[in-house]
Amino acid sequence: MENITKEQYEDYEAVRVSGVTNMFAVGTVCDLSGLSRDEVKTIMKNYSALKEQFDEEQNFKDGDIVEFVSGHNKGKFGVVTKAYNDQGAGQPLEIKSGKCTSTYEEHEVVKKGEC
């Protein structure tokens, strides 16, 4: 397997989660993610292993700063006020962003960030 970095995986995931295109439209995925055709195909072929490898690193804890990658909060940051870690993959997160505290699915937040 070609060496895929966490950043490349996250670029791919940002496109996938956004829902803007069919992920089998490799050319469009390349344009949106900045990844090469080979990188996209490698991620697709090894998606489960890469997801397991990189998503394990994405265990959110109360107090983590996170960046939204989809929806009306895309590009904004928030603070996890409650991480429901006992619920497995796609866990809900309670996140305070501005004056609002709402529940989001983990896939709506791509990474820990810094404001």
Length-normalised contact order of region 6-57 in % [C-alpha pairs under 8 Å, at least 6 apart]: 36 percent
Take the cross-link list LYS41/LYS74; LYS51/LYS96; LYS6/LYS41; LYS45/LYS76; LYS74/LYS96; LYS6/LYS45 and give me the ones stretching past 21 Å between alpha-carbons. LYS41/LYS74; LYS51/LYS96; LYS45/LYS76
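Bear in mind that the values in this text are calculations on the coordinates, not laboratory data. As the structure is a prediction and not an experimental result, all values here were calculated from the model.
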